[in-house]
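Below is one structure, written out as structure tokens; comments come after it.
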Amino acid sequence: MKMITTDVAIVGGGAAGCYAALNLHRNGVQSLIVCKGLVGKSGASLFAGNLVLSGHLLGNTDDNARNTAEFLIKYHNQFLIDQNWARRCGQWIENIYYPELEEAGLYFRRDDAGQVVTSPGKIRSVAANVQGNSGVPFMDLRRKQVIKAGIPRFEETVATALLRKLDGTVGGVFCLDIMTGETIVVAARAVILATGYSDRLHTRSTGTREMSADGIALAWRVGATLINLEMQWWHTNDIAHPPSWQRMQVYPNPMLGSEKSARMINAAGEEFFNQQQDDPLAFGPYTVQLKALAKQVRAGKARYDGGYYAGFDHCDPAEVDAYTTYGKAYRQLGLHFPEQLVETAVTSHYRQGGIDVDTETMRSSVPGLYVAGGLAGHSNGLIALATYDGKVVAEGVMRDLSTLAAAPLVGQDVELESSRLDELRNSSGEGPAPIKVKERVRALMWNKVGVEKSEAGMRSALDEIEQIRVDLLPGMRMANRGKLANYEWLDAIDVVNMIDTCELIIHSSLERKESRGPFFRQDYPLTDNENWLVANVLKKSGNGVRFERRKYDLPFFRPDFVTKDNLEVVW
Amino acid sequence: MVTAATAPTPTAMDARRLGQIERRDTLAARNSCLAPGEDIAVRIRRWDEATRQAAYQDFKVPYQKWMRVLDVLNWIAENEATDLAYRWFCGSKMCGTCAVRINGREVLACWEAAEPVMTIEPLRNLPVIRDLVVDRAPYEKKIASFEPWIERREPYPSFPEPLNHKQMKDASKALDCISCMCCYSTCPVIGLGNLTDFAGPAPLVQLAQTALDPRNDPDKIKRSLALTGIFHCVSCYKCEEVCPASIPIVGRIIEPLKAKAVLLNPGMAKHSSALRDIVAARGWVEPSALVLRVQGLRVLARMPRAIRLLVRGKINPLKTLFGIRTAAAEAARRILRTGVAK
Amino acid sequence: MKFAYYPGCSARSTCAELNAATHLVAAKLGLELLQLESATCTGARELRAIDPPGFLTLNVRILALAESHGLPLMTICNTCTLNVLDAHAAFASDRELAAAINVKLAEEGLHYSGRTRISHFLWVLHENIGEQRLRELVVNPLTNMTIAAFYGCHITRPPSQYGFVDSRNNIALEKLAEVLGCQPIDYSGRNECCGFHTAAHDERVAIKLTGQHIQAAKTGGAQAMVTPCPLCHTILDGFQREIEKDVGHKLGMPILHLPQLVGLALGLSPDELNVDRHMVPVGALKAYAANAPKEPHR
């Protein structure tokens, strides 16, 4: 077991985590990054397709600026967002974010004449190098910045538990290096959780392999308040075959340098969605697409797991290839591009909810524990927002630093965690392998807690989870008890977090008795702005949970109805 | 495309691609050679630090529509060998961590169609941690040694800075790189280990992202280039063949970097300059002339071969030492000395 | 059939036997070759890296010379072939560049319209002669000659020129060898690299790489290797002594140029084909010659 001491331990190496580390470094505060994947090569940040222009950047008009703000508040967050935070964030993006990235060397795609290539329309965006791939150079730049700053990275290392100091505050992280099997205890004055938006809790999920809702589970175990866990996006246009391509999206966004976007066809060959016509802000918010699909599903002309198609057969291939990567998947399947379409299906995407934070400081409800980026429950969408959180959390931590003393950790907690992990590794049950249990959990979520939810389905899901906990978890069988690159062991650790988090998600889903945006309840089909324009706050209570509601301020945007059938609400 | 305006061809075949159809080498063929339910015969190389023995394990995997190599590995890990160690994160050609070899060929597991009979092994030229998982550290270390970030000579003006795509064309290709290390594995020069100080294709692509960026300080580029051993590239194009991002590594990365080295690090590039000078003077290259120019007195150490070559009539020192004025020489002198305005 | 013929640099000096053999075999095949006397070097690998415009102009000039005679172009060296192919592709895809090159060519009265078909001799055999005609012309089938084909990188990669997902699927040489009566073997070095292009300044890489391939061919039972590239031949044959020193034992693997292999099957003698100019004695192969005393099948 290795013991490391630092000022700030950051769990998560994505947009928020890296930026927090860089900000702390700039101010002389020591930090380290624990990343379950590889910094810059895992997580959701990698997948930023293009970068939205906010405010009056690059020729944005007042209308563009307003549309972008409206887009964020309504279409991405269904009003479940701190609008004042959003405004601060938008201003920072306009004034600092883009210039800073370009100064560091990020290449915002130009044409031969030197103009930055933008997508035209009500909301405008640019790309880093090429559309559909902006996250790759973006996160690679962060990776190199972190290397240049000399910030220690512990990669392919999973944080398995948050540790407390003797005074009860969170002051450490218990980690396992997956490649070597060695454990690392990090003692810090503050811990930042920045494990991201995505998870991999459904059979079809956009989360990358290592995601198992660890951030939510770890925070919950030390008593953090959570919000809006039931609110999550769904991709509507992800490729149906092969299974490993479940997160490969036929991007609906307007193409750079073009007036066109991808279109969607149902099983009867009818076009049912084309962003340029069917989407009020013409920028591909996922919810608008999902609702269009839901109507097709109800008409029997598509399913959520396939039976509908997407593509660019109405476009000139040169137009698509000029600035995007969108044609590559088709060609790799041996298809004629753009004439042939691919079958697509729904994939569970970002969890909008997460850990409840004070958006001015990014403090969670647990002293010593801070949260930044997608894991926090204060907003959804866009790499710029996660980056902004990285700045805010760094400042929040620095302001509190004098009150956060370096102190010894509770030794017993360290020992308990170490034993727990060893027990998992040495599981000698006759039951299923951990990967099988993982797939069971994902299947039950897909089938019973999918796009369209109902009370009966969700209660059944809770029963099934209990059954898994009681029957399957204790008897998991490990074929490999070694320490090196033991992914079975990792699966066993992960599945416990998955089950705990799924249970919380289902409870939250049962609690929100309405439909809102991508959250569809068959038993409560109306969007109810009178009772449910609130944060659905989840707190630990004894061995169970209890809920509170917290209203949102509406200083800039307000809904224009009280109740309405969710499928008829544009957002 | 070239029209066959002047060559009568008895057959319609394209001899350049002989074998592509017979061996089902095209993407269309590769995605349609199996029907759902048919068996894929897989053999996987298992390796463990504990036993330090390589063993091959066989599996039969039912084919699903458009299955990738990664889907095959996932099926095996879920159903047959839960202890199989292999790395992947995104499954969709963005993270670059799932590269392996199938039947000796480097591929990105999530991108490549499954083949009906496959032997799956880890990448070459990197230490194996377990089974198909390799240690990325040597590769990462090389990149870090280049200090792969730009250093501006002038202060950053404002957003958006003056820049056009023509200036960034090659760097932009380099930015498509996802560090999958397929090229690093297949490079035969890297395969020779410490014989040379060649950095390898992947590190060079990573370097090119900033070294071919016009905003970068030439002194910085010069320092990085000195560490690359770039003139050890044999131009075999194996890197281009395996690159899942289709980056023209030789033509758009290594050659532009070589061009920079000729300007910034002329000491590294003596033979390149020598060849250019010979062609510019004579119009063509007599190989021994090149060797003489480049190796100078060292050529005396090669006397035994030189004598053998001389005996066989393969070299003609008179021809070498005395240039001959020819039409070719005239043309080359004119074209290379004055160049083409671009 | 008439071709503009570009022999390249090596075939005029170190591998002069290749040029001679090509002329002889062409005659037997009914190919008329018009040698482009004023064509320059294509620039090997170095020129295209350090002087791209100069490289392109020299290569387009070669294509223009062929076009001025209204003939397709035949090459006998892999690197030359790839160079002119790449120059042609650049010319065809960039109008500004094409115009600039033509301005330069106009200084000597040349002009390129982009119409020259480029064929390596190996492709001419398959496309212009064809399997059926070749079989008719083979008077001395090389029965029982086990041969290892060494393609050389630049006739089979990059995929942007040749289209192979896996260049090991290129079977042009083996198909040809079968038509000539040989038994081609499969071995690990078939489509691998000889290392020629760094040999001028560091021959150790070439020696090590080529050593692996020759050894693999030997282990596979090859009596000889055949290559369509004189640069590969220079290492395979010219450096074999150094390779033997490096691997610590004798190899004695004869290396034939492609036209020499074809020539033997067409009835030309080893002497006519100048195999004695090679560094590695071709002695044992002389038994396959047309006028050699035939021994009972082994």
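The values are calculated or read from the model by the stated rules, or taken from the named source; none is laboratory data. What you see is a predicted model, and the numbers here were worked out from it, not measured in a lab. Glycine also receives a Cβ, built like all others from the backbone with ideal geometry; neighbour counts cover every protein chain displayed.
For every residue, the table says whether it meets (1) touching an Asp or Glu at 6+ places or on another chain (Cβ under 7 Å); (2) assigned to a strand (DSSP E or B); (3) within 14 Å of chain B (Cβ to nearest Cβ); (4) aliphatic (A, V, I, L, M).
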residue	(1), (2), (3), (4)
C:T210	no, no, yes, no
C:I235	no, no, yes, yes
C:L256	no, yes, no, yes
C:D276	no, no, yes, no
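Report the residue count in region C:153-178 for those that are of a type outside the set (D, E) and not in a loop (DSSP other than H, G, I, E, B).
Qualifying residue count for the region: 15.
When region B:200-232 is limited to residues that are within 14 Å of chain C (Cβ to nearest Cβ) and in a loop (DSSP other than H, G, I, E, B), the one that is farthest from C:H213 (Cα to Cα) turns out to be B:L212. The set of residues in region C:109-132 that are of a type in the set (D, E, K, R) and more than 7 Å from chain B (Cβ to nearest Cβ) contains only C:E131.
Per the listing A:G374, A:G334, the residue uniquely touching a helix residue (DSSP H, G or I) at 6+ places or on another chain (Cβ under 8 Å) and within 18 Å of A:I216 (Cβ to Cβ) is A:G374. For region A:296-333, the candidate set comprises residues that are under 26 Å from the mean Cα position of the chain (by Cα) and among the basic types (K, R); within that set, the residue that is modelled with the highest pLDDT is A:R303.
Every test in (1) more than 12 Å from C:I147 (Cα to Cα); (2) assigned to a loop (DSSP other than H, G, I, E, B); (3) more than 10 Å from chain B (Cβ to nearest Cβ) is passed by C:Q215 save one, and that test is (2). Per the listing A:E548, A:E503, A:E511, the residue uniquely over 23 Å from the mean Cα position of the chain (by Cα), among the acidic types (D, E) and at pLDDT 95 or above is A:E548. Taken as a whole, the condition of being in a helix (DSSP H, G or I), of a type in the set (A, V, I, L, M, F, W, C) and modelled with pLDDT under 95 applies to C:L47. When each of A:L554, A:L533, A:L567 is tested for being surrounded by 20 or more Cβ atoms within 10 Å (Cβ to Cβ) and either farther than 30 Å from B:D48 by Cβ or hydroxyl-bearing (S, T, Y) (or both), the lone residue that passes is A:L533.
Looking only at residues of region C:133-168 that are surrounded by fewer than 24 Cβ atoms within 10 Å (Cβ to Cβ) and of a type in the set (V, I, T), we find that the one that is nearest to the other protein chains (Cβ to nearest Cβ) is C:V165.
Within region A:257-281, the set of residues being within 28 Å of A:V126 (Cα to Cα), aliphatic (A, V, I, L, M) and surrounded by fewer than 24 Cβ atoms within 10 Å (Cβ to Cβ) comprises A:I265, A:L281.
Of C:A284, C:A206, C:A290, all but one fail to be assigned to a helix (DSSP H, G or I) and away from chain B (no Cβ under 12 Å); the exception is C:A284.
Take the conditions over 20 Å from A:G354 (Cα atoms) and among the aromatic types (F, W, Y) and apply them to A:W489. Does it pass? Full working, then the answer.
Details: over 20 Å from A:G354 (Cα atoms): yes; among the aromatic types (F, W, Y): yes.
Yes; evaluated as a whole, the condition is true for this residue.
Listed by position, the helices (runs of 4 or more DSSP H) enclosed by region B:128-190 that each have at least 3 residues that are within 8 Å of chain A (Cβ to nearest Cβ) and over 19 Å from the mean Cα position of the chain (by Cα) are B:165-174. Here C:L24 clears all of (1) farther than 14 Å from C:T75 by Cα; (2) touching a His at 6+ places or on another chain (Cβ under 8 Å) except the condition numbered (2). For beta carbons closer than 6 Å, sequence separation of 6+ or different chains, a first residue in region B:71-87 that is crowded, with 19+ Cβ neighbours inside 10 Å and a second that is of a type in the set (D, E) and outside any helix (DSSP H, G or I), the qualifying pairs are B:L84/B:D131; B:A85/B:D131. Taking region A:102-133 as the range and being under 21 Å from the mean Cα position of the chain (by Cα), more than 10 Å from every other protein chain (Cβ to nearest Cβ) and outside any strand (DSSP E or B) as the test, only A:A127 passes.
The residues in region A:428-454 that are within 14 Å of chain B (Cβ to nearest Cβ), surrounded by 14 or more Cβ atoms within 10 Å (Cβ to Cβ) and more than 17 Å from A:V158 (Cβ to Cβ) can be counted, and the count is 9. Among residues that are modelled with pLDDT of 95 or more and small (G, A, S), C:A265 is included.
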